[in-house]
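Heads up: the structure comes next, in structure tokens.
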Amino acid sequence: MNERIVHLRIKIQSLVDEARNIRREANKASGMAKWNLNQHRKTTVREHSRVNLLAYGALRGMPYSAMEKKCYEQPNFTAVAKHAKTFGGDVDDIAMWVNEAEAYLKEGCTALKLAS
């Protein structure tokens, strides 16, 4: 296995741990501090986790349709491609994966159509 993919897997695990720790600290806090911690966990950390997981799946050759059966927001494919390239992905393979994912979202993702 490519050493860079291992680094990406470690990054994903550290984001999981970060979300867990933020949730734990938010349960101890109150008021705006609790709200700010939860907001950071639900927006920033969750977004980064999703981008990294999609990049990991793209590098492993897993189709987007198998990774996210339902989606209510279209992922940031620019960030996914950037992360996949950073961790050793081939530019052409990543571009093909992104195109297939975008085509899947346009054609078959009913949850995204229901949300709009």
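Here are the numbers for this structure:
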read-out: Listing of helices (runs of 4 or more DSSP H) fully contained in the range 12-116 that carry 2 or more residues being without any contact (Cβ under 8 Å) to a residue 24 or more places away in the chain and closer than 23 Å to ASN2 by Cβ; value: 64-67, 77-86, 91-107
read-out: Odd one out for GLU107, checked against (1) surrounded by fewer than 17 Cβ atoms within 10 Å (Cβ to Cβ); (2) at pLDDT 95 or above; value: (2)
read-out: Residue match in the range 71-87 (condition: in contact with a helix residue (DSSP H, G or I) (Cβ under 6 Å, 6 or more places away or on another chain), at pLDDT below 90 and loosely packed, with under 13 Cβ neighbours inside 10 Å); value: yes
read-out: Residue in the range 31-54 that is surrounded by 15 or more Cβ atoms within 10 Å (Cβ to Cβ) and among the β-branched types (Val, Ile, Thr) present; value: yes
read-out: Members of the range 30-68 that are of a type in the set (Lys, Arg) and over 11 Å from the mean Cα position of the chain (by Cα); value: LYS34, ARG41, LYS42, ARG60
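The values are calculated or read from the model by the stated rules, or taken from the named source; none is laboratory data. Worth saying up front: this structure is predicted, and the values here are computed from it rather than measured. Every residue, glycine as well, gets a Cβ built from its backbone with ideal geometry; the counts of neighbours run over all protein chains shown.
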